[in-house]
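Enquirer: Take a look at this one; I'll ask things after.
The values are calculated or read from the model by the stated rules, or taken from the named source; none is laboratory data. Since the structure is predicted, the reported quantities are computational estimates derived from the model, not experimental observations. Every residue, glycine as well, gets a Cβ built from its backbone with ideal geometry; the counts of neighbours run over all protein chains shown. Heavy atoms of the whole protein, side chains included, go into the accessibility calculation; ligands, DNA and RNA do not. Shrake-Rupley method; radii C 1.70, N 1.55, O 1.52, S 1.80 Å.
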Amino acid sequence: MLLFLRKFFHFISSELFFLISFHISLLGLFFLFRIIFIFYFYDELILSNIFIYLKALWLGIRLDLIVSSYLSLPILFTVFNPYIKWNSKLYKKLFSIYFYPILLLLTFFSFVNIEWYKEFGTHLNTMLMMYGTTQEAWGLIFEQYNLSLYFFLIACIMIVLYWLFKYLSSSIFIINSNNKIKIFTFVLSIFLTGILIRGGLQNRPLDWGYAHFSKSNLANSIAQNPVFFFGRSYIEMKAEENYKTKFLKINNINEIDSIYKHLKAKNGINNDFINITKTRDNPPNIILIILESFISENCNFLNPRLEQNITPFLSELSNRSISFSNCFANGIRSAYGIGSILSSWPVIPGKPIISQVESSFSNSVISKAMDVFSELGYNRTFVYGGDASFDNMKGFCMANGFDSIIDDKDRFFNSKYGTPFGVFDHLMIDTLIKVANEKDNKNPFMITLFTTTNHTPFRIPEQYEKYFTHINTGEKNYLKAKKTMAYNDFILQDFFERIQNEEWYKNTVFVITGDHGLSIHRDSPNHPRNGHIPFIIFSELIDDPIQINKIVSQVDIIPTIIDLIEQDQYLLNFYGISGLKKGPGFACRIESDHLQWITPQNIYNQMMGQNQKTLLKFDNIWDLDYKESDSDVINLLTIESNAYIKNAYYKFKHHNY
């Protein structure tokens with residue numbers, strides 16, 4: 001095969017084909033271990049899923065190439081060296097010193113991964129570094145596992161791979177290419193390796209969620225590359241290292257958990273004044289619309305100083321809804337917001353939880369919260385106007401019980417249909433209606449729509465420009481967003497007008513919120529109004545509209561919905577608290593090293609891991625100036641906020657809630 005390719009691509013030097021031989025050898029190893037993995041867990045295979053398993057084998061190649069590309073870097077930067085030719089005895093000896101230990105380590109790692117999966121139901125991760133090096137763990141290994149068999153299999157695999165690579169490399173047709181061809185091939189190799197390392201040409205490099213393509217956990221596990229999975233877990237651990245040794249260091253988890261439970265109790269007092277009128281025995285349908293960057297600064301129903309009429313429809317709708325006037329985003333990016341909304345889990349220091357490998361574990365605290373809707377019989381769909389693999393949204397949702405993911409990645413590169421982040425939102429409203437109309441009316445559904453248009457470059461479709469000539473924008477992003485937010489308001493009005501006669505409309509709860517805010521005010525760290533977002537619940541089932549001033553955040557949205565549909569028995573599954581319960585409320589916001597804790601009249605700021613704390617006082621979130629205070633209440637706020645985040649981090653990492 002390589003001989004054929006070599007003769008066909010005569011303008012490419014032999015070094016590239018040496019690299020290809022390396023990749024093929026590693027791909028062969030990964031494929032072999034997927035087959036061993038399937039054989040090892042054959043009793044869990046379902047015959048009707050045979051084509052899903054075959055698809056898993058195909059999808060896994062993309063992740064395998066990421067790993068093989070990283071491991072090929074030392075070869076890439078040496079094989080083209082003109083002073084040590086790739087086919088010389090010296091280079092082959094140096095290559096063997098690198099290549100065969102790598103094969104040995106990968107083979108050993110893969111066998112360990114199989115036993116780990118058998119024990120924990122997930123691929124190897126940094127839990128290995130916590131528990132796998134203890135005396136007890138080594139004792140278990142020598143007693144429980146057939147080490148002789150494993151050593152024999154490792155030796156056999158090494159011999160097979162040795163002959164495979166020897167055959168491939170000897171098949172390379174050697175031509176003494178000129179320097180121009182070698183330079184071209186070197187540049188081409190770097191370019192191709194870069195593409196393979198990021199998993200393709202999509203917006204973001206592939207994450208572990210790419211392997212979660214089906215409802216079958218075994219198929220997803222087959223598709224996953226365990227080395228890649230472990231690498232992601234290790235990167236997360238390193239990113240959190242500074243926090244773990246300082247701010248997140250826990251001396252007494254029971255004490256911290258007790259403080260959190262007290263917080264939850266005093267902000268979750270029963271409240272019977274809000275009810276819905278059920279029209280069926282089944283729970284109502286839920287449509288959750290998460291609007292990109294929908295900052296309160298440009299919402300007429302939230303900002304009392306806003307002069308331009310940007311959100312006339314939402315202002316009118318909020319008067320017919322349960323509307324929260326003090327809702328805050330828990331983070332500053334979409335990945336943080338989506339994670340906190342869907343899982344009711346706060347932003348924790350480090351990477352977004354939707355990217356962290358723990359979110360894929362079947363026994364994770366995230367699954368416990370997100371599985372509530374499955375237990376209630378909901379069919380769940382996530383709809384996004386771009387590539388749902390962006391920020392690992394697709395993998396996160398599939399790993400946590402969503403039935404289907406619908407995106408529009410084929411059109412969003414075309415400026416006619418949208419922006420670099422996704423197709424225009426009015427097109428996704430069409431998709432939303434289509435998805436809802438196709439649902440089975442016998443079972444409740446939950447559809448989550450995440451929009452994209454209200455994002456840089458803040459461009460709307462040409463045919464809508466005529467409706468917003470009265471909107472004055474500016475150079476700053478939040479000023480540019482006035483027009484895109486007006487466009488969102490306009491298409492939401494159209495959405496509600498179009499669905500009023502649909503069979504499912506009257507038995508549906510509509511929730512509208514934002515994924516995060518925008519950077520507007522810079523006079524204080526992580527200014528609260530930069531993360532102030534709408535939270536509206538509308539339904540024909542709601543008896544009495546009301547505005548609620550309790551302080552809430554994104555983690556409270558799903559518990560509020562569960563409370564509203566009278567499924568209070570599940571509220572303990574969530575880290576967040578229903579906004580319908582009595583209590584003053586609070587919001588915890590994380591931005592890099594900065595923690596912010598908002599309670600009535602208090603804005604507490606802390607640099608995590610450092611002894612830097614400030615307390616600001618306010619009467620209303622829209623006050624022009626917040627007053628700095630040295631009140632003793634800062635000690636209580638420190639204890640509460642730190643316990644809240646430390647407890648969330650510990651339970652997320654230890655799957656204990």
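Enquirer: Identify all residues within the range 553-577 that are at pLDDT below 95 and farther than 18 Å from residue 378 by Cβ; write none if there are none.
Expert: Hit for the range 553-577 is 572, nothing else.
Enquirer: Could you check the range 290-310 and list, in sequence order, the residues that are open to solvent by less than 20 Å² (accessible area, probe 1.4 Å) and not in a loop (DSSP other than H, G, I, E, B)?
Expert: If the condition is that a residue be open to solvent by less than 20 Å² (accessible area, probe 1.4 Å) and not in a loop (DSSP other than H, G, I, E, B), then 290, 291, 296, 298 are the ones that fit.
Enquirer: Residue by residue through the range 471-491, note down the ones that are open to solvent by 60 Å² or more (accessible area, probe 1.4 Å) and over 31 Å from the mean Cα position of the chain (by Cα).
Expert: Residues satisfying the conditions are 472, 473.
Enquirer: Note down all Cβ pairs under 6 Å where the first residue falls in the range 341-366 and is on the phi > 0 side of the Ramachandran plot, the second is open to solvent by 10 Å² or more (accessible area, probe 1.4 Å), and they're at least six residues apart or on different chains.
Expert: 350/239
Enquirer: For the range 433-440, indicate whether the set of residues that are in a loop (DSSP other than H, G, I, E, B) and either within 25 Å of residue 306 (Cβ to Cβ) or in contact (Cβ under 8 Å) with a residue 24 or more places away in the chain (or both) is non-empty.
Expert: Within the range 433-440, one or more residues are in a loop (DSSP other than H, G, I, E, B) and either within 25 Å of residue 306 (Cβ to Cβ) or in contact (Cβ under 8 Å) with a residue 24 or more places away in the chain (or both).
Enquirer: With the requirement that a residue be open to solvent by 10 Å² or more (accessible area, probe 1.4 Å) and touching a strand residue (DSSP E or B) at 6+ places or on another chain (Cβ under 8 Å), what does the range 557-569 give you?
Expert: Of everything in the range 557-569, just one residue is open to solvent by 10 Å² or more (accessible area, probe 1.4 Å) and touching a strand residue (DSSP E or B) at 6+ places or on another chain (Cβ under 8 Å), namely 566.
Enquirer: Select, from 99, 80, 95, 108, the only residue that is over 22 Å from residue 179 (Cβ atoms) and over 37 Å from the mean Cα position of the chain (by Cα).
Expert: 95
Enquirer: Out of the range 1-20, which residues are at pLDDT 85 or above and open to solvent by less than 50 Å² (accessible area, probe 1.4 Å)?
Expert: Selection gives 19 alone.
Enquirer: While we're here: Is the range 419-434 home to any residue that is under 21 Å from residue 535 (Cβ atoms) and open to solvent by 40 Å² or more (accessible area, probe 1.4 Å)?
Expert: No, the range 419-434 contains no residue that is under 21 Å from residue 535 (Cβ atoms) and open to solvent by 40 Å² or more (accessible area, probe 1.4 Å).
Enquirer: Pick from the range 385-405 the residues that are open to solvent by less than 10 Å² (accessible area, probe 1.4 Å) and not in a helix (DSSP H, G or I): which of them is nearest to residue 427 (Cα to Cα)? Talk me through it step by step, then tell me what you get.
Expert: Within the range 385-405, the first condition is being open to solvent by less than 10 Å² (accessible area, probe 1.4 Å), and the residues that meet it are 385-386, 388, 392-393, 395-397, 400, 402.
So of that shortlist, the ones also not in a helix (DSSP H, G or I) come out as 385-386, 388, 400, 402.
Working: 385: 8, 386: 11, 388: 16, 400: 27, 402: 22 Å.
The selected residue is 385.
Enquirer: Quick one: is residue 377 assigned to a loop (DSSP other than H, G, I, E, B), among the small types (Gly, Ala, Ser) and more than 20 Å from the chain's Cα centre (by Cα)?
Expert: Yes: the conditions hold for residue 377.
Enquirer: If you scan the range 200-221, which residues turn out to be under 17 Å from the mean Cα position of the chain (by Cα), modelled with pLDDT of 85 or more and not in a helix (DSSP H, G or I)?
Expert: Listed by number, the residues that qualify are 205, 206, 207, 212, 213, 214.
Enquirer: So which of 448, 453, 473 ends up being touching an Asp or Glu at 6+ places or on another chain (Cβ under 6 Å) and not in a helix (DSSP H, G or I)?
Expert: 453
Enquirer: Could you tell me which of the residues 520, 546, 533, 562 is closer than 14 Å to residue 323 by Cβ and touching a helix residue (DSSP H, G or I) at 6+ places or on another chain (Cβ under 7 Å)?
Expert: 533
Enquirer: Please go through the range 497-521 and give me each residue that is open to solvent by 30 Å² or more (accessible area, probe 1.4 Å) and under 28 Å from the mean Cα position of the chain (by Cα), ordered by number.
Expert: Correct list: 519, 521.
Enquirer: Could you grab the pairs with beta carbons closer than 8 Å, sequence gap of 6+ or different chains, first residue in the range 185-213 and closer than 22 Å to residue 79 by Cβ and open to solvent by less than 20 Å² (accessible area, probe 1.4 Å), second one part of a helix (DSSP H, G or I) and of a type outside the set (A, V, I, L, M, F, W, C)?
Expert: What qualifies is 185/15; 189/15; 193/69; 193/72.
Enquirer: Then there's this: For residue 494, work out the one condition from (1) at pLDDT 95 or above; (2) buried (at least 22 other Cβ atoms within 10 Å of the Cβ) it doesn't fulfil.
Expert: (2)
Enquirer: Does residue 538 qualify as being closer than 14 Å to residue 321 by Cα, in contact with a strand residue (DSSP E or B) (Cβ under 7 Å, 6 or more places away or on another chain) and touching a residue at least 24 places away in the same chain (Cβ under 8 Å)?
Expert: Considered against the rule, which asks whether it is closer than 14 Å to residue 321 by Cα, in contact with a strand residue (DSSP E or B) (Cβ under 7 Å, 6 or more places away or on another chain) and touching a residue at least 24 places away in the same chain (Cβ under 8 Å), residue 538 comes out as yes.
Enquirer: Looking at the range 236-265 only, could you name the residues that are without any contact (Cβ under 8 Å) to a residue 12 or more places away in the chain and of a type in the set (A, V, I, L, M, F, W, C)?
Expert: Scanning the range 236-265 gives a single hit, 265.
Enquirer: Say whether the condition of being among the small types (Gly, Ala, Ser), open to solvent by 20 Å² or more (accessible area, probe 1.4 Å) and at pLDDT 95 or above is met by at least one residue in the range 311-320.
Expert: The answer is yes, given that some residue of the range 311-320 is among the small types (Gly, Ala, Ser), open to solvent by 20 Å² or more (accessible area, probe 1.4 Å) and at pLDDT 95 or above.
Enquirer: Give the residues of the range 588-609 that are in contact (Cβ under 8 Å) with a residue 12 or more places away in the chain, open to solvent by 20 Å² or more (accessible area, probe 1.4 Å) and in a loop (DSSP other than H, G, I, E, B), sorted by residue number. First the steps, then the outcome.
Expert: Just the residues of the range 588-609 that are in contact (Cβ under 8 Å) with a residue 12 or more places away in the chain, to begin with: 588-591, 593-609.
From what is left, the residues that are open to solvent by 20 Å² or more (accessible area, probe 1.4 Å) are 591, 593, 600-601, 607, 609.
593, 600, 601, 609 - these are the residues of the range 588-609 that are in contact (Cβ under 8 Å) with a residue 12 or more places away in the chain, open to solvent by 20 Å² or more (accessible area, probe 1.4 Å) and in a loop (DSSP other than H, G, I, E, B).
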